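Working notes, beginning with the structure itself.
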Amino acid sequence: MQISIVRTSLAIVGALSLAVATRAIVPANAQSGKAKAIDYAQVNLVLRNNYCNDCHVMSAGAMGGLHLGTREGMLKGGHSGPAAVPGNADASLIIKALTGAEGVRKMPPQGGSMKPEDIEVIREWINQGAKPSVCSQALSDFYTAAFAQKWDDAWAACQKIASQKIDGVRTDFLAARLSLSVLLHRNDEENFYKEAAIAVKIRPVNAGLFDTIASGIVNPESKFKHRDTKLALQAAELAVKDSDRKSGAILNTLAWAYYWRGDRAKAIQTANEALKCHDAVGGTKDEINASLKKFGG
Ligand code: HEC
């Protein structure tokens, strides 16, 4: 992912310098001098790559009342009103939050800052009018369908996203991210493995996404005919590495990946480690204990 982001931001820089270069030789109103149009899909990927959607999509709680899964969610905004003002990035709450403007809580809240070139993608898209696109519409359709548990419609929206060819934007990554849980609901093993093969290449690694890949495969209730334990182990190990605080739920997935690979001792050891984590309470604790029982530990 980082590669395509770098490529994309270079394209923007390239387009801007082209604008400067052409201004001297073409009339000021020439279209060719304009910066490259940004598609909403690119904005959505930037937000996902920066973990914003871990806290700001409806399914994960939409903190601050803000759903950043769709263009409409951003325009509607959260408790403080619209997060984006089309045509005016500087007046937009999302840019204020990202740049740490006075009186606005800085995002991301865990500290650190979004990379300037990523902020630039959002800024440029807002300044260009925060326009809708085929992808932005498909994302809205996706969430509408997923919330209504219409898994076929949700899968169709994912395919629509993947079919869009936008220079420098990995729409296949965006579609793979969205589709995994939908395909699990559809019990669609073939397409799950196809999308999982794309999703494991996504960088930066997102613990939640990689846990979905792994747990989809190792879940003892799964009706899949084939367990690709190699893929599950790879995804689970990356998910564990990405979590800043060790998560019992994610370690439990890793334990199952070891179990299905035939390494019972390591499965037991990992599940015991999972029990010591901050989130090993309630249902998660019960699940880890059930795993231990199954492993014979
Ligand atoms: C760990 C969870 C978490 C992450 C990650 C996160 N946020 Fe937030 N965000 C929150 C919470 C909680 C609030 C509400 C804060 C408040 O009201 O003081 C919030 C509020 C906001 C608001 C203001 C919403 C409103 O209407 O008041 C914006 C804009 C925002 N976040 C954008 C982002 C962006 C962009 C990212 C990614 C860089 C991000 N957030 C990452 C938890 C998160």
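Just so you know, all these numbers are worked out from the coordinates, no wet-lab data involved. All figures in this text were calculated on a predicted structure; none of them were measured in a lab. No Cβ is skipped: glycine too gets one built from the backbone with ideal geometry, and neighbour counts run over all protein chains shown.
Along its three principal directions, the equivalent ellipsoid of the chain from the Cα gyration tensor extends over semi-axes of 39, 21, 18 Å, largest first. The Rg/Rh ratio for the range 223-297, using Cα coordinates for both the radius of gyration and the Kirkwood hydrodynamic radius, is 0.96. Between Rg and the Kirkwood Rh of the range 134-295, both from Cα atoms, what is the Rg to Rh ratio? Across the range 134-295, the Cα-based Rg/Rh ratio is 1.01. A DSSP coil position with no more than 11 other Cβ atoms inside 10 Å describes the following GluC sites (Glu not before Pro) in the range 71-136: Glu102.
What number in nm² do you get for the range 38-132 if you take the convex hull of its Cα atoms and divide its surface by four? Mind dumping the intermediate values first?
Details: hull surface 21.1 nm².
With the hull built on Cα positions only, its mean projection is 5.3 nm².
Calculated FRET efficiency, His79 and Gln234, Cβ-Cβ r, R0 45 Å, to nearest 0.05?
On the way: r = 40 Å, r/R0 = 0.88.
That gives a FRET efficiency of 0.70.
Given R₀ = 35 Å, FRET efficiency for Asp54-Lys293 by Cβ-Cβ distance, to 0.05? Once rounded, the FRET efficiency stands at 0.70.
What full-extension length gain, to one decimal in nm, is calculated for Ala148 and Arg227 as 0.36 nm per residue of separation minus the Cα-Cα distance? Could the numbers behind the result be given before it?
Working: separation 79, 0.36 × 79 = 28.44 nm, distance 2.90 nm.
So the chain would gain 25.5 nm between Ala148 and Arg227.
For the range 140-224, taking the reciprocal of the average inverse distance between every pair of different Cα atoms yields a Kirkwood hydrodynamic radius of 13.1 Å. Legend: distances between Cα atoms for Lys131/Lys201; Lys266/Lys293; Lys246/Lys276; Lys246/Lys266; Lys194/Lys294; Lys76/Lys131; pairs beyond 21 Å are Lys131/Lys201; Lys194/Lys294. For the chain, a simple Cβ point-charge model (Lys and Arg +1, Asp and Glu -1, everything else neutral) yields a dipole of about 320 debye relative to the Cα centre.
For the pair Arg264 and His185 in one chain, pulling the backbone fully straight at 0.36 nm per residue adds 25.6 nm over the alpha carbon distance.
Relative to the Cα centre, the charge distribution of the range 134-295, modelled as +1 at Lys and Arg Cβ and -1 at Asp and Glu Cβ, gives a dipole magnitude of about 440 debye.
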